[in-house]
Ligand SMILES: [Zn+2]
């Protein structure tokens, strides 16, 4: 049962929307401790199989501290027995005209599960279904670890196909985690061998659950086989930006702060994780900057042409909505900001490094002018989750030819996607 609470905890964290704000935040120390302890265990298991894919890293940063969530969960649990919480939540959600987002459905299913308990198979099934519907693959490792642990403990739980291990039944959680890791290793190694690369990589760290790449068998044209949205999505990114444009009246205003440099090579790009505090205002609404990363050449094209590279600044607001600010980098003078980053960027896939005493301000990579092109798109890497707002700045920033060549990825740009009638806006 504790494990199932962990799943729900994580699901609720994923849902992100602070819809527990209206519940009283009381804490029951003993149970809170248990939940926290369990959460830590799941987190530790998760760490073993942690992939550092772009989206995963992004979403990790989005998760509010789990301890706080554990306390909130306690308050929620206390109120559950009567069923009023569920009724209230259903009432709130029934007013949503556009229908519930998959994350909210998952949150709702989680609350149903907490209210009705695990005895009712229909409730458990509904929760599983909601879980499968969400596109939060970034949570996959944790959810898989929890599902496998539940199955191993004899709980009635459907293990998602993505979570299937060769030894799904009858083993301890720890063993399943190990199996997960081994399988991922094997799959990754095989995939890399097929592409004739991956030689320099440490197999132990190379643990993407599902392998994808920018070329070959798991190249962009085949992402849809493993990640449905990449293939079937109707508002995928990147786009070729060309007129006619529709006019919008709002502006985007970044307020980025200096902080200790945290940089990694996740096997797909160089990424810089950003501490809480840097924001951007879009039409007055604040979004937190989570991380930024690079593509070579730029994924977006302007009038059919890419630039040498692009920086994607990834933001998320309180409602969990993502916004990406893209700054195109064209060949020219050396870029001092990039110089600092490239000095510390790991050449091969690695965990985050935090060089001592090195500070960086993401604002160093921005032009002065913030005029933009805007469209609704998606993550440009699997799972290609949609409803991501893109703002591509019209003003480009210089990067030297040597700096472009020093970027450890020769090609990490997803091809241009069909616009499907989506308008492109400009301010
Ligand atoms: Zn990107």
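A Förster radius of 30 Å, combined with the Cβ-Cβ distance separating residue 275 from residue 334, puts the computed FRET efficiency at roughly 0.65.
The gain in end-to-end length when the residue 371 to residue 248 segment is fully stretched comes to 43.2 nm, 0.36 nm per residue minus the alpha carbon separation. Of interest is the spacing of the C-alpha centroids, which for region 409-427 and region 322-360 amounts to 23 Å.
Among 405, 395, 385, the order by Cβ neighbours within 10 angstrom, fewest to most, reads 405, 395, 385.
Note on residue 240 and residue 401: their simple-model spin labels are 2.8 nm apart, each label 7 Å out from Cα toward Cβ.
So if each residue of separation counts as 0.36 nm, and I subtract the Cα-Cα distance between residue 352 and residue 387, what length gain in nm does that give?
Details: separation 35, 0.36 × 35 = 12.60 nm, distance 2.76 nm.
So the chain would gain 9.8 nm between residue 352 and residue 387.
Output the relative contact order of region 233-426, whole-number percent, from Cα pairs under 8 angstrom with separation of 6+ residues.
On the way: 471 pairs, mean separation 61.3, N = 194.
Rounded, it is 32 percent for region 233-426.
The modelled label-to-label distance between residue 221 and residue 425, using points 7 Å beyond Cα along the C-beta direction, is 3.5 nm. Length gained on full extension, residue 100 to residue 410, computed as 0.36 nm times the residue gap minus the Cα-Cα distance: 107.5 nm.
Scaled against the 2.2 N^0.38 Å expected of a compact globular protein of N residues, the Cα radius of gyration of region 233-426 reads 0.97. Packing order of peptides 286-296, 310-320, 238-248, 406-416, highest average first: 286-296, 310-320, 406-416, 238-248 (average count of other Cβ atoms within 10 Å over each peptide's residues). Neighbour counts of other Cβ atoms within 10 Å put 352, 300 in the fewest-to-most order 352, 300. Put in line by how crowded their Cβ is, counting other Cβ atoms within 10 Å and starting with the fewest, 356, 90 read 356, 90. Quick check: from the Cα gyration tensor, does region 368-427 come out rounded (a/c under 1.5), prolate or oblate? Here region 368-427 falls in the oblate category.
Rule-based calculations on the coordinates, nothing more; no lab input. Everything quoted here is computed from the prediction, not taken from an experiment. Every residue, glycine among them, receives a Cβ derived from its backbone with ideal geometry; neighbour counts consider all protein chains shown.
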